[in-house]
Amino acid sequence: MSGPASQLDALVIGAGFSGLYQLLCLRDRLGLSVKVLEAAADIGGTWYWNRYPGARCDSESHSYCYFFSRELLEEWTWSERYPGPPEILRYLNRVADKFDLRRDIRFNVRVTAAHYDDKANLWDVVTESGERYQARYLVTAVGCLSAANVPRIPGLESFAGHWYHTGQWPQEGVDFRGKRVGQIGTGSTGIQAAPVIAQTAAHLTVFQRTAQYSVPARNAPLQEEFLRYVREHHDEIREVMRSTPNGHPFRIDRRKAFEVSEAEREAVYEAAWKKGGLQFRASFHDLVLDKAANDTAAEFIKRKIRAIVKDPKTAQALADIDHPYAAKRPPIDTDYFETFNRDNVTLVDLRAEPIERITAAGIKTRAREYALDMIVFATGFDAMTGPLLKIDIRGRDGLTLREAWAAGPLTYLGLQVPGFPNLFTVTGPGSPSVLTNMPVAIEQHVEWITGCIAYMREKGIDRCEAGAEAAQKWGERVNAAANATLLPLATHSWYLGANVPGKPRVFMPYAGGLARYRAICDDIASRGYEGFVMRRAGARPRAAARGFR
Ligand code: N01
């Protein structure tokens with residue numbers, strides 16, 4: 001790396017929910033010199049890029065925000081039960097303005113490499129345009145779902161029409177009027193997009209590889225009565241979010257599915273279906289723990305699908321779901337299954353007729369060719385590890401992150417990687433992250449990282465690195481936590497990396513729950529950051545097997 005470098009205490013990559021709060025904490029609470037580098041032209045992260053039709057947050061708006069500032073909470077009023085990208089971006093802009101964050105964010109700057117300089121104990125960071133930065137601490141706030149996965153289907157380059165990936169949606173939008181649109185993918189994104197695309201497209205063909213459960217979102221404008229409740233109960237709402245496994249503002253029912261009669265169970269599901277949203281998963285305590293319990297919810301949703309969709313063959317393909325309910329991230333929708341009753345919508349079951357190739361004219365399956373003007377890839381992301389591995393990150397002795405993670409991600413608490421001193425990964429693999437309402441997990445991580453750096457500075461420690469043994473043991477705990485649930489039974493899930501050919505199959509997020517995870521992180525910190533290897537400025541590194549004292 002060459003050229004004069006800007007010197008900083010900390011560099012943060014990414015200006016979404018994570019990066020904005022990390023900047024605020026390190027700059028305003030610790031007084032460090034900090035810059036945020038952001039590849040996009042503006043703040044927002046996920047919400048900057050994912051502006052596809054129908055995009056909407058699946059967390060309820062009153063919980064999908066920062067809770068660190070009472071003033072901010074009291075100043076902001078959400079308009080709908082689930083906010084869409086424009087409202088979330090307005091919110092994040094309000095945050096950036098209130099805390100004067102923009103002056104330390106550089107936009108349109110993509111980080112391409114970050115190399116640790118062992119001698120100087122600094123991170124050397126290089127951008128696409130060749131700018132250089134040096135920083136003591138490097139914090140990645142790159143999001144878990146920001147590396148778009150465009151499947152390598154032969155012939156894509158020959159397609160005569162336009163194609164788009166939902167996670168890189170054109171800022172100016174896409175006009176579907178009069179177009180024959182093919183949508184590949186029926187995860188949370190595809191399930192949100194299809195009903196909206198169908199409203200204007202001449203025809204929409206949905207290519208489904210894996211059928212998915214979905215529950216109505218029941219989005220609606222928020223009523224004054226609810227808004228008053230939220231204004232008066234910030235502390236209680238926050239308390240519920242912090243004490244539940246997924247960080248949502250509702251509790252999981254304590255009852256097990258078979259503790260009630262069949263009729264009562266049905267009534268519980270019916271009420272949850274009417275209420276809508278991710279809360280359906282909280283109907284019983286054991287829905288993601290016990291297969292027989294899960295079957296009762298799965299069957300309920302499959303019956304709903306068959307009742308909604310009029311064409312029996314289409315209904316059968318949509319309800320032919322091969323994994324337990326919520327073993328893949330459960331989508332919520334607005335009229336997804338109803339959309340297949342429209343005359344201008346067709347479902348193609350790729351299990352029966354796999355895609356062979358893309359042609360100039362459209363998509364050719366084993367059965368026939370579908371003529372298309374546009375293809376929408378709602379095919380998800382190289383999740384969790386993808387955004388980090390896209391950057392050439394090298395730690396001690398030139399070890400690349402790609403080498404370190406050749407067999408799958410190895411981290412301590414999802415916060416640090418052995419061999420990469422002073423690199424902190426917000427919502428990294430091995431943390432609850434994507435299994436939660438993200439802002440809650442983000443606040444916890446950002447505050448923990450801030451606390452760790454504050455501790456280091458107070459004690460005169462200039463280097464902190466995840467211990468290899470601690471990371472190994474943490475990896476075992478992440479595995480055990482996943483195996484205690486039904487989540488690994490969805491063998492094609494992106495939680496396991498199974499959606500990206502060649503990616504190691506490792507269950508990446510920590511499934512033991514956010515509340516338990518927070519307690520573990522706090523406990524480790526209270527014991528002098530047990531398991532991290534810390535070095536006093538000027539001293540040789542030593543293992544902090546029992547914490548640094
Ligand atoms: O991606 P996905 P997503 N040929 O990976 C299919 C979050 N999110 O963007 O299941 C044919 O879930 C793939 O099929 P299969 C949320 O955490 C949040 O929908 O692999 N099909 C699947 O159907 C979510 O889980 C919100 O067999 C192919 C689909 O594409 C995560 O983002 C909204 C294929 C991909 O589904 C990712 O969701 C939206 C191929 N070659 C998303 N490759 C909100 O809260 C893939 N597929 C707002």
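The values are calculated or read from the model by the stated rules, or taken from the named source; none is laboratory data. Everything numeric here is computed off the predicted structure, so don't read it as measured data. Neighbour counts run over all protein chains shown; Cβ positions are idealised from the backbone, glycine included. Just the protein is used for accessible areas: all its heavy atoms, side chains included, with ligands, DNA and RNA removed. Shrake-Rupley method; radii C 1.70, N 1.55, O 1.52, S 1.80 Å.
A dipole drawn for the chain from +1 and -1 charges on Cβ atoms has a positive end, and of Leu496, Val260, Leu204 the residue lying farthest that way is Leu496.
Model label sites at Thr112 and Lys459, defined 7 Å from Cα along the beta-carbon direction, differ in position by 3.9 nm. Note on the chain: antiparallel DSSP beta bridges, both residues inside, total approximately 40 percent of the bridges counted. For the chain, the relative contact order comes to 18 percent (Cα pairs under 8 Å, sequence separation of at least 6). Database remark: amide H of Asn108 closer than 5 angstrom to the amide H of Glu38, Ala40, Ala41, Asp42 (H placed geometrically; neighbours at sequence offset of 5 or more, or on other chains; Pro and chain starts carry no H). Given a 1.4 Å probe and the protein chains as shown, Leu156 ends up with an accessible area of around 30 Å². Full extension of the chain between Ala352 and Arg368 yields a length gain of 4.6 nm, computed as 0.36 nm times the residue separation minus the alpha carbon distance. DSSP beta bridges fully contained in the stretch 1-129 are about 50 percent antiparallel.
Summing charges over all other residues whose Cβ lies under 14 Å from the Cβ of Phe67, with Lys and Arg as +1 and Asp and Glu as -1, gives -4. Inter-label distance, Arg132 to Asp97: 3.9 nm, where each label sits 7 Å from its Cα along the C-beta direction. When only the Cβ of Lys, Arg, Asp and Glu is charged (+1, +1, -1, -1), the dipole of the chain relative to its Cα centre reaches about 960 debye.
Would you mind getting me the FRET efficiency between Ala160 and Arg306? Use the beta-carbon distance for r and R0 = 45 Å, nearest 0.05.
So, using R0 = 45 Å, E works out to roughly 0.75.
Given their separation in residues at 0.36 nm each and the Cα-Cα distance between them, Arg254 and Glu75 gain 61.0 nm when the chain is fully extended. The alpha carbon centroids of the stretch 465-519 and the stretch 29-48 are separated by 28 Å. Counting only Cβ charges, +1 for Lys and Arg and -1 for Asp and Glu, the dipole size of the stretch 1-129 around its Cα centre is about 140 debye. Take the solvent-accessible surface of the protein heavy atoms, probe 1.4 Å, and return the percent of it on the chain that carbon and sulfur atoms account for. Carbon and sulfur atoms account for 49 percent of the accessible area of the chain.
Projecting the Cα atoms of Ile13, Gly31, Phe68 onto the charge dipole of the stretch 9-111 (Cβ charges, centred on the Cα centre) puts Ile13 farthest toward the positive pole.
Before rounding to the nearest 500, sum -39500 (n - 2.57) across all DSSP H runs of length at least 4 in the chain and divide by the residue total; then give [θ] at 222 nm in deg cm²/dmol.
My calculation for the chain gives -9000 deg cm²/dmol from helical runs alone.
Note on Leu30 and Thr491: with the Förster distance fixed at 35 Å, the Cβ-Cβ geometry gives a FRET efficiency of about 0.20.
Other residues whose C-beta falls under 14 angstrom from the C-beta of Phe507 contribute a net charge of +4, scoring Lys and Arg +1 and Asp and Glu -1. In this rough spin-label picture, where each label sits 7 Å from Cα along the Cβ direction, the His234-Glu266 distance is 4.6 nm. Charging the Cβ of each Asp and Glu at -1 and of each Lys and Arg at +1, and nothing else, the dipole of the stretch 143-218 about its Cα centre rounds to 220 debye.
Once phi is turned into ³J(HN,Hα) by the Karplus curve 6.51 cos²θ - 1.76 cosθ + 1.60 with θ = phi - 60°, what whole-Hz value does each residue of the stretch 59-65 show in order, with x for glycine and proline? Along the stretch 59-65, the couplings run 8, 6, 3, 5, 10, 9, 6 Hz. Here's the picture: charge each Lys and Arg Cβ at +1 and each Asp and Glu Cβ at -1 in the chain, and of Leu435, Met374, Ala319 the one pushed furthest to the positive end of that dipole is Leu435.
Applying 1/(1 + (r/R0)^6) with R0 = 41 Å to the Cβ-Cβ distance of Gln223 and Asn121 gives a FRET efficiency near 0.15.
How large is the accessible surface per residue of the chain, computed with a 1.4 Å probe and reported in Å² as a whole number?
41
Legend: translational diffusion of the chain by Stokes-Einstein, Rh = Kirkwood radius over C-alpha pairs, 37 °C, 0.692 mPa s; D = 134 µm²/s.
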